[in-house]
Structure formats: structure tokens, C-alpha cells
Amino acid sequence: MLSVNFQKEFRNGGGRSFKLDVAFTVNHALTVLFGPSGSGKTTILRSIAGVVVPDSGKIALGDRVYFDSSARLNVPMRHREVGFVFQDSLLFPHLTAEANVLYGMKSGKDREKRKRVQELLDLFGILHTLERFPRELSGGEQQRVALARALASQPALVLLDEPLSAVDVSTRSRLLQEIVEMQRRSNIPFIHVTHNATDAVRAGDWVLILDQGRIVQEGLPLEVFNSPHSVRLARAVGTENIFAGTVLSQSGDDGISLLDLKACQLAVSFNGLAPGTPATIGIRAEDIIVCRERITQTSARNLLQGIVKTMIPDGSKMELVVDCGVDFKVSITRQAVMSLSLQPGAVVYLLIKASACHTLS
Amino acid sequence: MRQAWQRRSQKFGKLWTLRALVLVALSYLAGPQCTQAAGSQILVSAAVSLKEAFNQIAILYKQQSGTRITFNFGASGELEKQIEAGAPVDVFASAGEKEMQELQTKGLIDPSTKADFVRNSLALVVPAGSGSRIHSFRDLAPPQVKLIAIGNPRTVPAGRYAKQLLVNEHLWPQIHSRLVFAEDVRQVLDDVDHGEVDAGIVYATDVEIAHGKVSVAARAPSGDYGPILYPIAVVKGSGNAAGARGFVKLVLSSSGMNILKKFGFLPAK
Amino acid sequence: MIWSAFKLSLRVVSLATLLVGVTGTAFGFLLAKREFRAKELLDSVLTLPMVLPPTVTGYYLILLLGRRGWLGRYIYRMTGWSVAFTWEAAVIAATVMAFPIMVKSARAAIGSVDSRYEMVSFSLGKGEFETFFRVTLPLAIRGLVAGLVLSFARALGEFGATLMLAGNIPGKTQTMPLAIYEAFISGDDREAQFLAVILTVTSVAVIYLTNLLSHSGDRA
């Protein structure tokens, strides 16, 4: 069980400062630390590893105290037994994959160590990389060797800092799966830092949302991502559409109210908010359906007509901005764009469920 | 210490000096002034031991003839090399016959102007106030005397003569492994002055200008080496032959010789 | 005389290069990977021998190590031995003159090694010493070898400071550059040429071999 509680302030030349103040415990096997860039996730990892020294606080793994400002205790990195996997694998360029993995291994006979290396690499399915140098390996292979290297040193904790960011799309999915498998197999707690919501949901037993230096929410991934509590959190988890408006009419028996956004109206699921009350909602871009025709026979409570403003490719998806009086960000697959022959200027209809509109406080 | 540095840096400055001289001289040669008597200049290469005396003679020469003298002092061997390499020198005064002879053989000096003008003698010096137990050349023999400085016999006339002296005194076999070769005589003086060596062999004239920085342990009897004769000559192809000849004449005259005698030189006889 | 100058030069330069290699790398590491207040000042001081005329450096060495020097006088008083005019002085002169080159090369080479590799090594449980020898040094080796070669060349050609501190004593302190100079001045051109050729061939051979070794890792 890892308990982390520390504060650190960063000052840059312009007199601005960024304060990191976090307190959390890690009880789960695979914990995700999620947040946008600059929120401090990497700093947290580095503080746990010992690369960065906090200003104050305490970090302990079980009864091993790594850092305690009140006792002026700071265990140096090499004694913390924390494995680290980085975005760029940081494999030693002058050593083969085998030598890299062997590097962190402690005592034991040479032959036994070699055998263990081969087993590890075989588990990843990259036994063929044994004699190769990092520059001869693909991004995915490098990350696997990096993870093998971290595991070979038999750490008490493994930290992964955006390990999939630099890997190509087709490999990411497999690699993510392998990370989860390795965690289960090794039974060592993993802390996985990412800014990708999908990865967080797929590979996390518990997620901590970080925003501007503070933990704003934690919980089971699905819950947290689908129901952000606040505007801040919504932004943090990537809810692309956030609208502020006024309640127009009260909910009836079905718990649906109308929200007035001046340029258009949305049916949202509120409860007991009096007309005239200001309210803010968030809608994820992936939760909006795009149609070419006006479809009336649907269960969705919202049908908005709009014109496509811009289209920006995003991996296998396409992010559209649709003007319905208010700009909506919509995320659909590129195939859908092609089969619907969408382009800027096209007239489309957006289908949005009332339940997809989350109330934000 | 400064002088030592300057002297030593002259060594490396030599190569640069050569080039600098070429440039400077070229600019002089380019102009018509150098053939006129008034406001003319000459370049004199002379052995280091002549420095103080020649500087005074130069002042006299300027008063008398208006000719300005630029001096290039150094070890005779180097000066000879420079002239061979084409340095635009007008007058050469060497501390040894060998260097002048070399130039004469190569046809680089005007033999009609060549003359021996002074004689010098050797002296054994020790660091001043060092309580040294060395009072004669023979006192150099015991191994307690660890380092003795002389000029490099291959390149410095004073060194040649010092070696001659030591050989003739039957001291060479015992002493030669403890010798430190300097690239010119003034360096020997500095080494002794700074206590880097236990004793050194220099010219008697060097002792005069040392101003008490070293003590004379002994003077060398003149039979054992040399004679140390200094020849002077006008270099062939001088750009200002008249000015050059005038200087040589002044050096050989009674006023010139008086100045030289003042600094401890003996007439060549 | 020629062979004694050759052998002496080789001995002096080998020892000097070894000393320079070790000390230069150590200081290069200090400057590249550590932060402290007087850092750039230290860098400037260590670079001095490269920037000052060799004779000035030689002068300072005498000031320090001569019989009446700040350090030398104590050595002389205690042991009756002075370093001036000994072959050790030639080693010192060559080392001091080549040292700044090695420090600069080492600082650049070691500084170019991504310090994250060192961080990784620490995270895998290795200490400073082991990290330096197993990660930093191998990754910096090309630059260090280049620095060594330049230092070797500088030491081999060292003249000014050597002449001042070690003097020109055939068989004892007369290294090849001094021998060439003496031969030239005394009119022995043949000897001068011969020595110069030996010096050139030796330098070229060393540099060629070193380049071969350091580029053997390159692919076409």
C-alpha cells in the first residue's frame, strides 16, 4: 500500500509558480493517474521514484518510508526499488536488449540470470530481440524490453509514464493488454500515468484525476469518466462540450428539463431545479450521433440541426465542429464521415440523449 | 623574473620576429628613404651579451649621423640562421667566430667589412648570498653540486667556450651529466639568479650588468679556452650599406670601444 | 641523440596522456554533471594553459615548482630534489598544456550523454560509481577518445613550457620538438629533417589507429 502526501512548488522565471499538492493512497493493483499535460502527473511519479524531492510531506510504501520532510528523510533513488518505464523507452543504446534487461538484476549466477531474461522476453513475445540493439527495435518492442528491464530488477512498485504515447496506433492496443497481463502475472503494483481516457478506462483498477496540481476525483474508471462531477473535472477527463444556460421548464415525471442556451435548447435530465436557475452541463463528443436526415422516430430527446464548420482528423476518428447556433464538438469514425459524405458546409442533424448531458456543478 | 620571461619568450618570438622583421623591413625597403643618409635606419643583429653596450652606441650614432638603429638581440646561432633565411639585417655582430665564418662561407657578408672588435672572458657565477661553497671551477666537481648551467654548446658560443674550458680543466667527464643547457647566456644568468641551478658559466660582461644578482665565484684564466673574439660585419645585400658601414666604423672607433670597455669587454687587439 | 629524443618523447607523452586522460575526464565529469557556484570560474582557470602563451604557463610552473617556487621550495628543503630540469618536469609541462583540451572534450562528451540514462541506472539500483563506468563513460567514449588523441598530439609537440621547466638537456629532457629546434639552429638540417619526419609519422600513425578504433562501430 503506497501512501503519497506531499507538496512541491515550482517557480519559473516569469514569477509564476505551479503548486503541486496531492494526498492519496494506492491500494489497487493497477492504478491510473490521469490528467492533461502540465497537471503534474509526471512530477508525482518522479517524486515517488526519488528523482524529484518535494518541499514537504511524506511518501511511504507500506512501512518503508521513502520521504519524510519532518524527519528530514529522503531515501536516494537507487535504494527505493522502484521500476520506471518512460515514454521513450530509454533503453541503454550501447547495450543489447539482453544486456539492458540484465542490468538491473541483482544477485544470482550468470546462467540463471540469462535464463530469466529469456523467459521475460519470451512472455512478451520478443525473444528474437535478445541480441539486438535498441536502435534496431520498433517502438513497441522497445517498450516491452523497457518493461522487462524494470520488472527484472524485482521492484516493489512499477511506474509507467505515458508508456504508449510514442508507440504507433496499431501496436498500442496490444501493448496495453500486455501491460495489464504483466501486472497480473508479477503481482507488483503498477502506477500508470496517461492523458488518454480510453487507455485509462481499459487498463485501470482505480483512477485518480489530476488537474492543476491537485487530485480532483478518484474512483472506478468507468464511473469517473462517464460522470464527471464538476466543470473542472469534466475538462480534466476530456468532456469536450461544456455549456452554461438557464433552466427553462421543470421536469415532469420523466425527470427531463429544458435548458436554454439562448441559441438553442437542450433536453437534459435534471431533478428539481426551478426555472430560471443557471446550470452547466457537459456532453462528451463521442456521445453525439450525426445524421444526414431529420429522423424523428428515435428515443433521443434532442435533435438539433446544424452545419459542419470544421473537420479535424484525430487518429482513427474525426473531430467535427457543428454549428447549431452553439458550437458542438462531435467525434465520429472516419469511415462514418466517408459513408455520410460529410464535409464543411454540409447540413447535419445531431442526436443527443438527455442522459448524455451530465450536470456539472 | 620578468627579464627571464622576456628572454625566453624571445626564443619563440624569434620565428615571429623573423616574419615581423620581414614585413617591417619590406615597408622600409619599398621607400626611397633608405638610401638617403639623413633619417635613415639600419637593422643590427647582435649577440645578447652586447645588448647594453650597443644600445648606448646606438644613441651616439643617432646623434652623430641621424641614423636610427633597430636591434635584434639573440643567440648568435639563431641570428646566423635568420640571416641565412633572408632576414633583412644590415649588420651582424656575433659572440663567436664560427657563426660569422658560416655566413662568410655562404657569401652572405661583405668580407672587407669584417673585423674582430672585442674580446670577452668567462666567469663562474653562483646565486648571490647563497653561502655557496663554490670558489673555483674545481669546486664544481663534487656531486653535491647538482646542477650547473651553461649555454648550449651546439648553438651558443658562450656554451662552446664553457665546454672548451671544462674539457681543458679535465672537469668535463665528471660534470657533463649535471649540466643544464640554456639557449642563450642571459638565460644562464637567470637560472643562477633564481637559484634553479647551483652555478653557471657566463661572460664576464654579463656579470657587470647582473647588478649583484649573482656572485662571481671565479674568473676563468684566459688560456683554457677561446680566445672569445667578437667579429662584426656588414651583411651583403644590406639596404643601407652606407649606414651599416658607418655603424661598424663607430663601433671600432675609440668612442665605441670606450663604451664597450665600460661594460667589461676587452679590446680585440 | 635522435633515438634518445624519440624514446624520451614517447615516454613523456605516454605518461602525460595517461595523466591527462584521467584528470581531464574527472574534471570534465564534474563540470558536465554537477552544479556548484564557482563552476564557470573553475572552467576558466582550467582552460588557462590553453589560452596563455606556453611561455607564460612555463613561467608560472617555475614560479610554483622551481627551487625557490611556492611549492618547490618545500620539496627542495625536504628532499634536496627539485623538479626543474628533470624528465618529470617534461611530463608535468606536457600534462599541463594538454589538460585543457581534454577537459573541454570530456565536458562536451559527458555532457552530451542524456542524464535520463543515469536516472534509469539509479532507478535500477546502481550507485554513482557504477553508473559512471557502465553507462556514462561508454556513451561518451567517442568524444573522450577524440579528446585523448588531441591531447596526445599537443603533448607530443609541446615545446615552450617544456623548455622552461625541464630545460633542453640531451638524453634527459630533450624531447623531439626541442631536438628538432636545436638541430635546425646549429645547422644540422639533416638531423632536423629526420626528427621532423619521425615526429610526423608517429603522430599520423597514432591518430589513424585511433580513428579506426573509434569508427569501427559505425555502419555504412
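For chain C, the 222 nm mean residue ellipticity estimated from helices alone, with every DSSP H stretch of n ≥ 4 adding -39500 (n - 2.57) and the total spread over all residues, rounds to -25000 deg cm²/dmol. A convex hull fitted around the alpha carbon atoms of segment B:205-255 yields 146 Å³ per residue.
Report Rg/Rh for segment B:58-133, rounded to two decimals, where Rg is the Cα radius of gyration and Rh the Kirkwood radius. List each step's numbers first, then the result.
Details: Rg = 16.8 Å, Rh = 15.2 Å.
With Rh from the inverse mean 1/r over Cα pairs, Rg/Rh is 1.11.
About the Cα centre, and with charges only on the beta carbon of Lys, Arg (+1) and Asp, Glu (-1), how big is the dipole of segment A:104-202? Nearest 20 debye, please. Show your work: numbers first, answer last.
Values: 16 positive and 13 negative charges, 88 e Å.
In debye, rounded to 20, segment A:104-202 gives about 420.
Close amide H partners of C:Gly167, meaning residues 5 or more places away or on another chain with modelled amide H under 5 Å apart, are C:Phe85. Pairs of Lys residues in segment A:1-133, spaced 8 or more positions apart or belonging to different chains, with C-alpha separations under 29 angstrom: 8 in total.
If we count other beta carbons within 10 Å of each Cβ, what is the order of B:Lys249, B:Lys114, A:Lys41, fewest first? Before the final figure, lay out the partial values.
Values: B:Lys249 13, B:Lys114 17, A:Lys41 24.
Result, fewest neighbours first: B:Lys249, B:Lys114, A:Lys41.
Taking Cα centre as origin and charging only the Cβ of basic (Lys, Arg, +1) and acidic (Asp, Glu, -1) residues, the dipole magnitude of segment C:139-220 rounds to 360 debye. In the protein assembly as shown, a dipole from Cβ-located charges (positive for Lys and Arg, negative for Asp and Glu) runs towards its positive end, and of A:Met105, C:Ala106, B:Val126 it is B:Val126 whose Cα lies farthest in that direction. Mean partner shielding of peptide C:166-172, defined as the number of other chain Cβ atoms within 10 Å of each residue Cβ, is 5. By the beta-carbon count within 10 Å of each Cβ, the least crowded to most crowded order of A:Ser186, A:Ser138, B:Ser112, fewest first, is B:Ser112, A:Ser138, A:Ser186.
Under a straight-distance cross-link criterion of Cα-Cα below 17 Å, which aspartates and glutamates are reachable from B:Lys236, leaving out those fewer than 8 residues away in the same chain? Leaving aside aspartates and glutamates fewer than 8 places away in the same chain, those within reach of B:Lys236 are B:Glu80, B:Glu84, B:Asp90, B:Glu99, B:Glu102, B:Asp110. Equivalent-ellipsoid semi-axes for segment C:128-220 (Cα gyration tensor, √(5λ), whole Å, largest first): 36, 18, 7. Rg and Dmax of segment A:99-170, based on Cα coordinates, read 12.4, 40 Å.
Could you check how many percent of all C-alpha pairs in segment B:120-253 are farther apart than 20 Å?
It works out to 47 percent of all Cα pairs.
Seen against the Cα atoms of chain C and their longest principal axis, helix C:2-33 is set at about 30 degrees.
Helix-only estimate, please: 222 nm mean residue ellipticity of chain A, summing -39500 (n - 2.57) across DSSP H runs of length 4 or more and dividing by its residues, to the nearest 500. Calculated from helices alone, the mean residue ellipticity at 222 nm is -7000 deg cm²/dmol.
Taking the alpha carbon gyration tensor of segment C:1-140, multiplying each eigenvalue by 5 and rooting it gives semi-axes of 34, 18, 15 Å, largest first. Ordering C:Leu213, C:Ala153, C:Ser186 by the projection of their Cα atoms onto the charge dipole of segment C:111-220, which places +1 on the Cβ of Lys and Arg and -1 on the Cβ of Asp and Glu, puts C:Leu213 at the extreme positive end. Residues whose amide H lies under 5 Å from that of C:Gly66, counting only those 5 or more places away or on a different chain, are C:Gly72; hydrogens are built 1.01 Å from N in the peptide plane.
Counting Lys and Arg as +1 and Asp and Glu as -1, each charge on the Cβ, what is the dipole of the protein assembly as shown about the Cα centre in debye, to the nearest 20? Write out the running numbers ahead of the final one.
Values: 90 positive and 72 negative charges, 408 e Å.
Charge dipole, the protein assembly as shown, about its Cα centre: 1960 debye, nearest 20.
Could you check what % of the DSSP bridge pairs in segment B:122-269 are antiparallel, to the nearest 5?
On the way: 9 of 15 bridges.
In segment B:122-269, approximately 60 percent of DSSP beta bridges are antiparallel ones.
Straight-line cross-link reach from B:Lys213 at under 26 Å between alpha-carbon atoms covers these lysines, not counting any fewer than eight positions away in the same chain: B:Lys11, B:Lys51, B:Lys146, B:Lys163, B:Lys261, B:Lys262.
Mean per-residue shielding of peptide C:156-164 is 2, counting Cβ atoms of other chains within 10 Å of each Cβ. Computed over the protein assembly as shown, the alpha-carbon pair-distance distribution with 20 angstrom bins reads 12, 28, 21, 16, 15, 7, 1, 0, each value a whole percent.
Take every Cα pair under 8 Å in chain A that's 6+ residues apart, average their separations, divide by the length, and report that relative contact order as a whole percent.
Values: 736 pairs, mean separation 54.7, N = 361.
Relative contact order, chain A: 15 percent.
Once the Cα atoms are used to define both axes, helix C:54-65 deviates from the longest principal axis of chain C by about 90 degrees. Excluding same-chain neighbours fewer than eight residues apart, the lysines reachable from A:Lys317 by a Cα-Cα span under 25 Å are A:Lys309, A:Lys329, A:Lys353.
For the protein assembly as shown, the antiparallel share of DSSP beta bridges with both residues in that region comes to about 70%.
Sorted by mean Cβ packing within 10 Å, highest first, what order do the peptides C:141-152, B:70-81, A:141-152 take? Walk me through the intermediate numbers first.
Numbers: C:141-152: 20.5, B:70-81: 24.3, A:141-152: 26.2.
The packing order, highest mean first, is A:141-152, B:70-81, C:141-152.
Which pairs break 19 Å Cα to Cα here: B:Lys81/B:Lys106; B:Lys249/B:Lys269; C:Lys7/C:Lys104; C:Lys33/C:Lys126? Violating the 19 Å Cα-Cα cut-off are C:Lys7/C:Lys104.
Just the projected area, averaged over all directions, of the convex hull on the alpha carbon atoms of segment A:221-315: how many nm²?
On the way: hull surface 31.9 nm².
Approximately 8.0 nm², given one-decimal rounding.
Near the amide H of A:Glu319, within less than 5 Å, lie the amide hydrogens of A:Ile312, A:Asp314, all on another chain or at least 5 residues away, with H placed in the peptide plane. For the peptide C:185-192, the mean number of other protein chain Cβ atoms found within 10 angstrom of a residue's Cβ is 4.
Read the figures in this text as sums done on the coordinates, not as results from a lab. Please read these numbers as outputs of a predicted model, since none were measured by experiment. Every residue, glycine as well, gets a Cβ built from its backbone with ideal geometry; the counts of neighbours run over all protein chains shown.
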